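The numbers here are math on the coordinates, done by the rules we state, and not lab data. Every value quoted in this text rests on a predicted model; they were computed, and no experiment measured them. Every residue, glycine as well, gets a Cβ built from its backbone with ideal geometry; the counts of neighbours run over all protein chains shown.
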Amino acid sequence: MFRKPVYQHAFIGKEKVGFSKCYHAEWDEDLGDDAAQLILNIDIRSTSIPGEEVAAELFDVFKNNFFQDLEKDPYSRFEESLKMMNDIIVEKESEYGTKFLPNMSTVVAVVTGGTLYLSQHGDAEAYLVRKRHVNIISEGLHEGTTSGKELFANIASGGVVPGDRLVYSTARLYRYVTKMDMAKIFSDNDLKDSLVDLHGFVSMDATDRISVCAVGIVGGEGHAPVAEIPDSKPKRAKGGWYSKFSGVFADNKVLSFVSEKIADLRHLLDKWVENKGALSEWRRLGRDKVLLSLILVVIVLVAGIYLVRNQGHKQQYIEDLEAQLVSVSDKIDEAETKGTYDKSSAEKLLNDAEDMAMEVLASGYLRASASQYLSSIEEQRDYLDNVIRVPEVTMYADLSEKRSTVSALGIIPYDGSLYVYEYNGLYEIELGEVQDPLTIDDEKVVIDGAAFEDQNSILFYTEDGGIIEYDGFVFNFMDAESGFKSGIDVVPYATKVYVLDPIGSQIWKYYRQRASYGSAESYLLADDVDLSGAVSMSIDGSVWILNSDGTITKLLSGVEEDFNIDRSPLTSFAGATKIHTAYEMSQLYVLDPANSRVLVFNKDAKTGGLVYSTQYVFEGLDDIRDIYISQAENRMYLLTGDKVWYYGY
């Protein structure tokens, strides 16, 4: 039988947007063999998602269901709990009209009856530390085939033994610490000190906040006793090296005699330490005093030789690290040269340089130099990607002056003004002045909107699959033959309206008639186009689809077209939320709010592909929800939850 596991938690890294927490259910000894420890370590990187509310509801369902029917085996209870948690995410996505999964990293685990049950999503990882060895035990649980579809898709299980350490993290720790160092950290200290040491390795380089919780498995009756690791470094036991010498010499008569004299020396030193009769003990030894003195000299010499050799090894190790940093510097210089004509080779050089610099940083030596090189690598990446870092933007309008609870969804240019909408309200902004909000509807919940130039109106799409048009005076509920299909994004183009439906992996097309819409028509002509991961759509004649994994799909006349993105950015934009272009635009824009940036691609008229151009990183501006590009003003308007900002480019 196992006893209550030891538990510790720590946050590592800088504060960021979103929500992070490790939920922990205490071990109940009264349950006997059914006693269990439950962990949910979760990170949600979006302020548009009610992170605390969602996480708390997930853990409540997990905890309540797992302990509800103890007659079922733990695996079945764990599996049922995961399914219920998946259902909650689906409900919440529908309720808030946004995708949660691309912004979530979480690991969920149960330890009961000597067995660990585990699942994870996103960047979260779980590690097992056993006898100074570390294994990633969550590897393969979040495969590409399940990404973007379910929060938890696969389960891993296996036995744990007393002395095991389990580490659950919302990010990949091997980015910042080596496997060897991690084994040492969690083998040589108690859990609290282990997390302190881990913080020292990771905090300097972590760009986001990481939630890490650690669990120590403790045995009870029926298990061999496991020594508790004390809070501070233990004192050397009085037997230590003396007993080791005696054990080595025990089978040799000559060396056995020396061993006895070592024991006498030990006895004398003990007396000396205790300050009880040390002088009389020395006199009692008689002729053995000379031999003991010689032995003491030999021990001092051996210790000195060991220290000198150890210092030499240490110096050689530092010299090897210095040589490694020279190689890092050479790779950075080579990447700078190759970047002008071979971006992919430059990227590989920088990745190799980063791995080498991280190894030096994790060694504990030359950390300042390694950090400087890592900064140089980031600067070189910025140069290769033509990154423009914008420290400040100008506020254009403050919506909270009109409604303190505003939670804006999108921005639309219409009739010479800018309009911002939320789930039931519309705000006109005229020359920076926010007008009193108009109520779109008291019952319907708006999830998307767009300017409908052909009808000189604003079109709103509701979560139940309805369309409302605003002509500058009144809001009109529109009808369609056989009704409207459900989706997540709506784009008017010419006389038609297109609805993006990831669940059905389809785009529905409606023709605008005099006072209503025709029936839904499938835009896609083939069934082999996968839109299940689609998050946003824009149309310029071709239909451009942004997917949650950071890929872009191009469609023309209902057929997918192959195209290339030349000089692709070095950093993925997986998790981006908006794609924006228009017929009259030569550029295509992608909004990546998790990294506070907007990526710009030029359209290649000859090949039909894209050429990456630049990206704007808006430092200090979090939770960007939508963008509008005003080519006439050379301005980029950015919408946050309650304000509109602009940047002149």
Near LYS4, which aspartates and glutamates are there with a Cα under 17 Å away, not counting those fewer than 8 places off in the same chain? GLU26, ASP28, GLU29, ASP30, ASP33, ASP34, ASP164, ASP190, GLU221, GLU228
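For segment 597-636, which trypsin sites (Lys or Arg not before Pro) are in a loop by DSSP, counting at most 12 other Cβ atoms within 10 Å?
On the way: sites: ARG597, LYS603, LYS606, ARG625, ARG635; in loops: LYS606, ARG625.
In loop regions of segment 597-636 (DSSP not H, G, I, E or B), the sparsely surrounded trypsin sites (Lys or Arg not before Pro) are LYS606.
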From the C-alpha gyration tensor of segment 361-433, square roots of 5λ in Å: 45, 16, 11
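Is the shape of segment 394-463 rounded, prolate or oblate, going by the alpha carbon gyration tensor and its root eigenvalues a ≥ b ≥ c, with a/c under 1.5 for rounded and a/b larger than b/c for prolate? Show your work: numbers first, answer last.
Numbers: a/c = 1.99, a/b = 1.12, b/c = 1.77.
Oblate shape, in that a/c is at least 1.5 and b/c is the bigger or equal ratio.
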Sparsely packed trypsin sites (Lys or Arg not before Pro) within segment 21-119, loop by DSSP, other Cβ within 10 Å at most 15: LYS72
Three-way shape label, segment 84-134, alpha-carbon gyration tensor, a/c 1.5: oblate
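Enumerate by residue number the GluC sites (Glu not before Pro) in segment 128-193 meeting two conditions: DSSP loop (anything except H, G, I, E, B), and at most 13 other Cβ atoms within 10 Å of the site's Cβ. Let's see the in-between values first.
On the way: sites: GLU139, GLU143, GLU150; in loops: GLU139, GLU143, GLU150.
Those satisfying the criteria are GLU139, GLU143.
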Directionally averaged shadow of segment 419-523, computed from the convex hull of its alpha-carbon atoms, nm²: 6.7
Using a Förster distance of 60 Å, the FRET efficiency for MET84-ILE299 (Cβ separation, nearest 0.05): 0.35
What per residue convex hull volume, in Å³, do the alpha-carbon atoms of segment 56-123 yield? 81
Residue by residue through segment 595-605, what is 3J(HN,Hα) from phi via Karplus (6.51 cos²θ - 1.76 cosθ + 1.60, θ = phi - 60°)? Round to whole Hz and write x for glycine and proline. 10, 6, 9, 10, 9, 10, 10, 8, 7, 8, 5
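Can you tell me what percent of all Cα-Cα pairs in segment 2-219 are more than 32 Å apart? Write down the numbers at each step before the final one.
On the way: 3220 of 23653 pairs.
Distances greater than 32 Å cover 14 percent of the Cα pairs.
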Taking one equal scatterer on every alpha-carbon of segment 389-648, how large is log10 of I(q)/I(0) by Debye at q = 0.16 1/Å? -1.30
Run a plain Debye calculation on segment 569-645 (Cα atoms as equal point scatterers, no solvent) and give log10 I(q)/I(0) at q = 0.18, 0.23, 0.27 Å⁻¹, rounded to two decimals, same order as the q list. -0.74, -1.15, -1.43
Semi-axes of segment 50-176 from the Cα gyration tensor (sqrt of 5 times each eigenvalue, largest first, whole Å) come to 25, 19, 12
